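Here's the structure, in structure tokens; my notes come after.
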Amino acid sequence: MRITDFDHDRIQELVERSRIDVDDVLGPVTEIIGRVRSEGDRALRELTEKFDGVSPENFLVDGEEIEAAHERLDPDVRGALEDAASNIEAFHRLQLPSGWMEEVRPGVMAGQIVRPLESAGCYIPGGRAVYPSTVLMTVIPARIAGVGRIVCCTPPGRDGSVSDAILVAADLAGADEIYRVGGAQAIAAMAYGTETIMPVDKIVGPGNIFVTAAKKLVYGDVDIDFPAGPSEVLIIADETADPDYIAYEILAQAEHDPQAASVLVTDSEGLAEDVNDRVRENIKYMERATIIEESLERYGMIVITSDLDEAVEFSNHYAPEHLVIMTASPEETLRDVRNAGSIFLGELSPVAAGDYGSGTNHVLPTAGCARMYSGLSTESFIKKPTVQKITHEGLKNIKDTVLKLAEYEGLYAHAESFRKRLER
């Protein structure tokens, strides 16, 4: 990991890290989406054979396969999934908003109602690893929100099967349909529909560059959560922090992907050197050592600041996906934090807890997008239409405002529609 001093003039350079640049794949992804829209299941079958090496007879996973997956899955893994699901459900139920109606001026009632989306699609990536936890993180909030139809799409294995853990997690979470199809073709199918897969209103979940490009291209015809890129962690720490905890937090993040970013920001030069030494010492014991080394070589960094205020300033510019605060008073440090996907307070709160067990969502904005996005939540699957009810007294109370502004903007029929009601 490279060690550098904090510099206001170089802050934009320092916060740079890997981003998914979809421009290079827009051409082929546009072609894939066009084929799925025009050819439906035939395109899905040919594209799945091309990219996954298998041509499924049926895309829909049936009940017998799900039941068999329950029987085969290690009971300890199933138990862990059940515990995780329980915590995720408890947390996301607390996010449910309520409707309201208030009198904003005598005779003028205004408020909002809460309504769930009718359908949602959850993309579950495959490839480097199997992610049943992502199934729970995407399906459970949708179910709690009241979404009427929840679909999961995930790439099939070379034998056409879907991981037992994925199927069990989807069943536990409450998915209505599970399809063995992945990549940009799965995004297109969920956005526009085929003979087998009915379209959805919103698509959520992480994926590779082709999935991200496809989500961007279908946005507008359907909603999406946010563009997702390589995973990242930023740790704010002072001299009281345990260097072993920090080192393993960095190693844990770096094992995700060669593009993953791991950053320590500290006002302690001694801690910086200590953490760097312990990271180097322990890489050789990691099962994914090659990935970790490449990740840290590219995007591993330790930034030394003059104080914690500068550390928080840097973090707000970086807007990390995961922010770990390991200071003498993490709650006090938190007060000035503005931009982060998910925040972990204190040295006993590792990112892994949020990934699997604490109940918070791990589908989070990356690459600085935490400046304008929140992580996936129950509210991601909810609409809030506004409502108003106006009495004759209310009409009179807002008459001058409405008529003056409508006529100033040249919308005279607007003014007349209001005036007609006044006349009665």
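The values are calculated or read from the model by the stated rules, or taken from the named source; none is laboratory data. Owing to the predicted nature of the structure, the values given are computational and were not obtained by experimental measurement. Virtual Cβ from ideal backbone geometry, glycine too; neighbours counted across all protein chains shown. All accessible areas refer to the heavy atoms of the entire protein, side chains included, with ligands and DNA or RNA removed. Shrake-Rupley method; radii C 1.70, N 1.55, O 1.52, S 1.80 Å.
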All positions within region 370-424 that are in a helix (DSSP H, G or I), touching a helix residue (DSSP H, G or I) at 6+ places or on another chain (Cβ under 7 Å), touching a residue at least 24 places away in the same chain (Cβ under 8 Å) and open to solvent by less than 50 Å² (accessible area, probe 1.4 Å): Thr378, Ser380, Phe381, Leu395, Leu422
Residue count, region 252-274 (criterion: in a helix (DSSP H, G or I) and in contact with a Ser or Thr (Cβ under 8 Å, 6 or more places away or on another chain)): 3
Enumeration of residues in region 118-130 that are surrounded by fewer than 24 Cβ atoms within 10 Å (Cβ to Cβ) and touching a Ser or Thr at 6+ places or on another chain (Cβ under 9 Å): Pro125, Gly126, Val130
Total residues in region 304-340, condition of a type in the set (D, E, K, R), assigned to a loop (DSSP other than H, G, I, E, B) and surrounded by fewer than 24 Cβ atoms within 10 Å (Cβ to Cβ): 4
Test: residue in region 88-102 that is touching a Gly at 6+ places or on another chain (Cβ under 8 Å), on the phi > 0 side of the Ramachandran plot and modelled with pLDDT of 95 or more: no
Test: residue in region 204-223 that is surrounded by 22 or more Cβ atoms within 10 Å (Cβ to Cβ) and either of a type in the set (D, E, K, R) or more than 27 Å from the chain's Cα centre (by Cα) (or both): yes
Among (1) open to solvent by 40 Å² or more (accessible area, probe 1.4 Å); (2) part of a loop (DSSP other than H, G, I, E, B); (3) of a type in the set (S, T, N, Q); (4) in contact (Cβ under 8 Å) with a residue 24 or more places away in the chain - the single one Asn87 does not satisfy: (2)
Residue count for region 261-278, restricted to those that are open to solvent by less than 60 Å² (accessible area, probe 1.4 Å), without any contact (Cβ under 8 Å) to a residue 40 or more places away in the chain and more than 13 Å from Met1 (Cα to Cα): 3
Options Arg17, Arg37; residue that is of a type outside the set (A, V, I, L, M, F, W, C), in contact with a strand residue (DSSP E or B) (Cβ under 8 Å, 6 or more places away or on another chain) and touching a residue at least 12 places away in the same chain (Cβ under 8 Å): Arg17
Residue among Gly53, Gly34, Gly107 that is on the phi > 0 side of the Ramachandran plot, open to solvent by 20 Å² or more (accessible area, probe 1.4 Å) and of a type outside the set (D, E, K, R): Gly53
Test set (1) part of a loop (DSSP other than H, G, I, E, B); (2) under 23 Å from Ile3 (Cα atoms) - Met301 fails condition number: (1)
Hits in region 66-84 (condition: buried (at least 17 other Cβ atoms within 10 Å of the Cβ) and either touching a strand residue (DSSP E or B) at 6+ places or on another chain (Cβ under 9 Å) or assigned to a helix (DSSP H, G or I) (or both)): Ile66, Ala69, Arg78, Leu81, Ala84
Among the candidates Glu195, Glu294, Glu239, Glu281, residue that is surrounded by fewer than 18 Cβ atoms within 10 Å (Cβ to Cβ), in contact with a strand residue (DSSP E or B) (Cβ under 9 Å, 6 or more places away or on another chain) and farther than 19 Å from Tyr318 by Cα: Glu239
Identity of the residue in region 131-160, of a type in the set (Gly, Ala, Ser) and closer than 19 Å to Gly207 by Cα, that ends up surrounded by the fewest Cβ atoms within 10 Å (Cβ to Cβ): Gly157
Index of the failed condition, Val29 passing every other in (1) of a type in the set (A, V, I, L, M); (2) in contact (Cβ under 8 Å) with a residue 12 or more places away in the chain; (3) open to solvent by 80 Å² or more (accessible area, probe 1.4 Å): (3)
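Let's see how each residue does on (1) at pLDDT below 95; (2) out of contact with any Asp or Glu (no Cβ under 6 Å at 6 or more places or on another chain):
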residue	(1), (2)
Arg158	yes, yes
Ala184	no, yes
Met190	no, yes
Glu195	no, no
Pro199	no, yes
Pro206	yes, yes
Ile209	yes, yes
Ala228	yes, yes
Residue list for region 359-378, filter: among the small types (Gly, Ala, Ser), under 24 Å from Leu117 (Cα atoms) and over 11 Å from the mean Cα position of the chain (by Cα): Gly359
